[in-house]
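What follows is a single structure, written as structure tokens, with notes after it.
The values are calculated or read from the model by the stated rules, or taken from the named source; none is laboratory data. The structure displayed is predicted, hence computed values, not measured ones. Glycine also receives a Cβ, built like all others from the backbone with ideal geometry; neighbour counts cover every protein chain displayed.
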Amino acid sequence: MKMRAAVLEEFGKPLEIQEVELAEPRSGEVLVRLVACGVCHTDLYTASGADPSGYAPAVLGHEGAGIVEAVGPDVSLLSEGDHVVTLFSPQCGECAHCRDPRTNLCMAIRAEQNLGQLPDGTVRLSRGGEEIRHFMGTSTFAEYTVMPEIALAKVNPEAPLDRACLFACGLSTGLGAALNTAEVASGTTCAVFGAGMVGLGAVAGCRLQGAERIVCVDLSEDRLELARGQGATHVINAADGTAVEQILEMTDGMGADYTFEATGNVKVMEQALEGTRMAWGLCTVAGVAGKGETMDVIPRLLITGRRVAGSSFGGVKGREGVPALVDRWMAGEIDVEPFVSHHLRLDEVNRGFELMEAQDGIRSVIHFD
Ligand SMILES: NC(=O)c1ccc[n+]([C@@H]2O[C@H](COP(=O)([O-])OP(=O)(O)OC[C@H]3O[C@@H](n4cnc5c(N)ncnc54)[C@H](O)[C@@H]3O)[C@@H](O)[C@H]2O)c1
Ligand SMILES: [Zn+2]
Ligand SMILES: [Zn+2]
């Protein structure tokens, strides 16, 4: 079939809206009609050429939500008409990691996904006979996508898809960091560094877990205000460089039971560890640092009982965890409205990147109707 998609032709250049060809779903694959898609830093990171593992031509986009239009042979998990959220991190249910409750890092299709291919090592996207690669296994800056059934989460059909799409990446990452990775205990003190989509999700997650004090640290007063709306009980503007001192002061010199880093800045990762309490404090790193950057850890901080954990997609096993989070949103436990700042059409996708670079709002959402 023919469809419109935003194609990355050349790194550092705007995406081009083109008519491209999408082949039928093959075994275990599903055709999804996209209804909405968030614009995320990872799309821009690849489009800019900064990501050393990026490739072109490719159709970008990975925060998609839509409706199953057709299923290929041997599909058992989904049927036509199901509402789905796309997963860049699949859940095959069978690999050693899927069967272990400690991790969400499914190993099923990693190699092919990193090459821009579907699990059988081929692509469904093309243009004039030339192959186009799939980005993150999702390629949701397009009217339709073909994806493996193990990478689609079936969600409550009542959930508006133009907000459900946020659960495809940043929001689930933040919520999950608190719920799954840190497993925040009730009555504790948490400190979240960064109040973008991921950090605000972590603030909401700490609230859901019953944290008593939730401190949010950011450079933007507007974002700190949003953090209050998600449940932050204290906010700190990081501009004067005293965030860690302030957290220590607030906790009788001990530090927070849980800290979360959601900036991608390695210096902030170090601060998050320093702001963690001795004996049992846990620092969860969710931010993605630049290629080659390293985090300095003072071993004494670890010997005295602090721990550091990394969190990919918030430890959420996508096919089970995303529908559960969407249900909590539908039950009124999570306030998603404040995260959607701009509504765009597909041909305005580059404007989505500009808004993100200007830190204008939390998320721009593309509508395909
Ligand atoms: N682990 C994962 O699976 C996963 C998934 C999605 C995103 N991420 C990563 O999470 C990070 C955050 O993503 P986002 O979409 O929320 O980004 P964002 O840019 O919207 O938010 C980052 C926030 O950090 C703040 N910040 C910058 N420097 C700071 C400092 N010194 N102290 C305190 N705050 C500071 C900024 O003001 C901004 O509000 C990125 O690195 C992103 O790549 C990770
Ligand atoms: Zn993302
Ligand atoms: Zn798996």
Legend entry - Residues of segment 119-176 classified as within 24 Å of L105 (Cβ to Cβ) and either among the charged types (D, E, K, R) or within 16 Å of ligand 3 (Cβ to nearest atom) (or both), total: 12
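Would you point out which residue out of T263, T259 is under 22 Å from the mean Cα position of the chain (by Cα), in a loop (DSSP other than H, G, I, E, B) and surrounded by 17 or more Cβ atoms within 10 Å (Cβ to Cβ)? Show your work before the answer.
Values: T259 fails: in a loop (DSSP other than H, G, I, E, B).
Just one listed residue meets the conditions, T263.
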Inset, instruction - Filter segment 236-264 for residues that are free of Cβ contacts under 8 Å to residues at least 40 places away in the same chain, hydrophobic (A, V, I, L, M, F, W, C) and either farther than 18 Å from R306 by Cβ or touching a Leu at 6+ places or on another chain (Cβ under 6 Å) (or both) and give the result. - result: I236, A239
Legend entry - Selection count where residues are within 14 Å of ligand 1 (Cβ to nearest atom) and either among the β-branched types (V, I, T) or surrounded by fewer than 23 Cβ atoms within 10 Å (Cβ to Cβ) (or both), scope segment 355-369: 9
Legend entry - Qualifying residues in segment 56-78 (those that are within 30 Å of I17 (Cβ to Cβ) and acidic (D, E)) - the one farthest from ligand 2 (Cβ to nearest atom): E69
Legend entry - Wholly enclosed strands (runs of 3 or more DSSP E) of segment 68-137 bearing at least 2 residues touching an Asp or Glu at 6+ places or on another chain (Cβ under 8 Å) and away from ligand 1 (no atom under 16 Å from the Cβ): 125-127
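Within segment 38-45, identify whether any single residue is charged (D, E, K, R), surrounded by 19 or more Cβ atoms within 10 Å (Cβ to Cβ) and within 15 Å of ligand 2 (Cβ to nearest atom), and answer yes or no. Break it down stepwise before answering.
Going through segment 38-45, the residues charged (D, E, K, R) turn out to be 43.
Applying the additional criterion that residues be surrounded by 19 or more Cβ atoms within 10 Å (Cβ to Cβ) yields 43.
Next, only the ones that are within 15 Å of ligand 2 (Cβ to nearest atom) stay: 43.
Scanning segment 38-45 turns up at least one residue that is charged (D, E, K, R), surrounded by 19 or more Cβ atoms within 10 Å (Cβ to Cβ) and within 15 Å of ligand 2 (Cβ to nearest atom).
Quickly run through segment 115-170 and pick out the residues that are small (G, A, S), on the phi > 0 side of the Ramachandran plot and within 15 Å of ligand 2 (Cβ to nearest atom). Give the derivation first.
Looking only at segment 115-170, we keep the residues that are small (G, A, S), and these are 116, 121, 126, 128-129, 137, 139, 142, 151, 153, 159, 164, 168, 170.
Next, from what is left, pick out any that are on the phi > 0 side of the Ramachandran plot: 116, 121, 128-129, 137, 139.
G137, S139, listed by residue number.
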Inset, instruction - Go through segment 79-97 and give me each residue that's more than 16 Å from ligand 2 (Cβ to nearest atom) and closer than 15 Å to L152 by Cβ. - result: S79, E80, G81, D82, H83, V84, Q91, C92, G93
Legend entry - D252 vs. criteria surrounded by fewer than 17 Cβ atoms within 10 Å (Cβ to Cβ) and not in a helix (DSSP H, G or I): yes
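Considering every residue within segment 13-33, establish whether at least one is closer than 16 Å to A168 by Cβ, touching a Leu at 6+ places or on another chain (Cβ under 6 Å) and within 16 Å of ligand 1 (Cβ to nearest atom).
Checked segment 13-33: no residue is closer than 16 Å to A168 by Cβ, touching a Leu at 6+ places or on another chain (Cβ under 6 Å) and within 16 Å of ligand 1 (Cβ to nearest atom).
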Inset, instruction - Please indicate, with yes or no, whether at least one residue in segment 197-210 is more than 17 Å from L282 (Cα to Cα), within 16 Å of ligand 2 (Cβ to nearest atom), modelled with pLDDT of 95 or more and surrounded by fewer than 24 Cβ atoms within 10 Å (Cβ to Cβ). - result: yes
Inset, instruction - Could you please let me know if A153 is assigned to a strand (DSSP E or B) and either touching a residue at least 12 places away in the same chain (Cβ under 8 Å) or surrounded by 23 or more Cβ atoms within 10 Å (Cβ to Cβ) (or both)? - result: yes
Legend entry - H62, sole failed condition from (1) out of contact with any Ser or Thr (no Cβ under 6 Å at 6 or more places or on another chain); (2) modelled with pLDDT of 95 or more; (3) within 14 Å of ligand 1 (Cβ to nearest atom): (1)
Legend entry - Test result for D51, over 30 Å from E10 (Cβ atoms), not β-branched (V, I, T) and not in a strand (DSSP E or B): no
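Would you tally the residues in segment 288-327 being crowded, with 22+ Cβ neighbours inside 10 Å and either within 16 Å of ligand 3 (Cβ to nearest atom) or within 22 Å of the chain's Cα centre (by Cα) (or both)?
Of segment 288-327, the ones crowded, with 22+ Cβ neighbours inside 10 Å are 306, 311, 313-319, 321-322, 325-326.
Add one more test, that the residue is either within 16 Å of ligand 3 (Cβ to nearest atom) or within 22 Å of the chain's Cα centre (by Cα) (or both), and what stays is 311, 313-319, 321-322, 325-326.
Result for segment 288-327: 12.
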Inset, instruction - Could you check, for segment 14-34, whether at least one of its residues is under 21 Å from A159 (Cβ atoms), within 16 Å of ligand 3 (Cβ to nearest atom) and assigned to a loop (DSSP other than H, G, I, E, B)? - result: no
